[in-house]
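The values are calculated or read from the model by the stated rules, or taken from the named source; none is laboratory data. This one's a predicted model, so the numbers in the text were calculated from it and none came from an experiment. Cβ atoms come from the backbone with ideal geometry, glycine included; neighbour counts cover every protein chain shown.
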Amino acid sequence: MINTLVYETGARYRQSFMDSLEDMCALVLASNGKEFQKALTTQSFDVIILDLSVERKNPFNLLQQIASEHPYTPVVAVSNSTKTDFIVQAVKEGAFDFIHKPFSRDKIRHVIQQALETRSLRDERDYLRRNQDVIYKFDDIIAESPAMKAVMENLRKFSNTDSLILMTGETGTGKSFLSGTIHFNSPRRNKPFIIINCANISETLLESELFGHEKGAFTDADKQRIGRFEQARGGTVFLDEIGEMSLSLQAKLLRVLEDRCFERVGGSKTIYTDVRFIAATNRHLEACMKEGHFRQDLYYRLKVLSVQLPPLRERRACIEPLSAYLLEKISRNVKKHITGFSPSVLRWIKSYSWPGNMRELSNSIERAVILEETAKIQEKNFPFPEGGNGCVLPADDSERDTILEALEESLWIQKDAAKLLGISPRKLNYQIKKFGIRHRRWRKNS
């Protein structure tokens, strides 16, 4: 049962609350300020229903008190007033929602259910902020290479807007991680942040997850479900792997992006939503459009603000500090005191191409930490791919690193990198071929 405190001076409305909620809520009814304050200080409640007319001089005093003393308890404000400024002020003072008198049974039950689901999302968000690998300050993100510095500069600017953001890049480059940083540095930081992976769920279930459904909309829909777009009201929705979404759902998503409204599955009521969207994919959406797998109009709507996250092999200056950060974090989690890598392991980490990017790097370090019994990660405990080991490094790996750093500094323009190194473009081209250095923007990759 939902522990619910109702402060209502009118006997008729107290009875209405009882008739509407007694089967779903454990109700405590307060008819005056003394009863209300006693209940508020002696019991814990999931939801508070507050008639704003109980304090005629300043109807928002109690809202302010509850927001201060019980910030995690949603308050549903009730009043006869229909003035827009009154309603807006109630929400500003902390009310989750506002209900006009007289109200219907379905309306009050629906609002309470929404309040509980939103609180659950907030609790989940707060848990993630305390316990998961999320960085909430752009300055704390490791971005040593010119390519990542440029990405961070753009994302820092983007976070202060409500515009759509599309992040592209290979698997494991940090798209989901950075979406959280964007949200928690935005004006919406205190509202819900919801992550939806479009690749891990069937089309039917994904539609219900996004838009919600009405009771009886399909088999097993035994009750109404509030979708993620409703739950995220005022916050941010991150649509991961949006390239996997079906064409029919793409059309429905486009309407939400354009008109900010939708209907639940099986419903006819139009629902308006105030949500900021961030989308991400590891697919080349231009190619998907040509193949008929992605809508052109949706692509151009998503690409309002876009960034491409470079893979680790194109931001080698980040690899060593990232490795040190991951080693410290993982060692702390498994309660081991490991302070670094052996020289040969570190050389290999810095020279390897990391096709799985940060995800592969993190997994490799985690395995090594679990196996290691000394203060530094040794070759025998590091999972070198395909049976390799630290000895496969070229003898002149430091020269290769120097070339890579010059290329990154010159944004991968070879003639500029050659000038920076003080060598001819012809010699630089020879060394690029010698070390097998590649870049996605180069027409020829030998």
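So here's what we get for this one:
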item: Number of positions in segment 46-98 that are closer than 20 Å to LEU29 by Cβ, of a type in the set (Gly, Ala, Ser) and either touching a Lys or Arg at 6+ places or on another chain (Cβ under 7 Å) or surrounded by fewer than 20 Cβ atoms within 10 Å (Cβ to Cβ) (or both); result: 2
item: Hey, GLN43 within 23 Å of LEU116 (Cβ to Cβ), assigned by TED's automatic domain parsing to the domain that holds VAL111 and out of contact with any helix residue (DSSP H, G or I) (no Cβ under 7 Å at 6 or more places or on another chain) or not; result: yes
item: Failed item in (1) modelled with pLDDT under 80; (2) within 26 Å of HIS183 (Cβ to Cβ); (3) more than 15 Å from the chain's Cα centre (by Cα), with LYS92 passing the rest; result: (1)
item: Close pairs from segment 346-358: first modelled with pLDDT of 85 or more, partner of a type in the set (Phe, Trp, Tyr) and surrounded by fewer than 21 Cβ atoms within 10 Å (Cβ to Cβ), Cβ under 7 Å, at least 6 apart; result: TRP348/PHE384
item: Matching residues, segment 211-258, being of a type in the set (Lys, Arg) and part of a strand (DSSP E or B); result: ARG225
item: Hey, THR9 without any contact (Cβ under 8 Å) to a residue 40 or more places away in the chain and of a type outside the set (A, V, I, L, M) or not; result: no
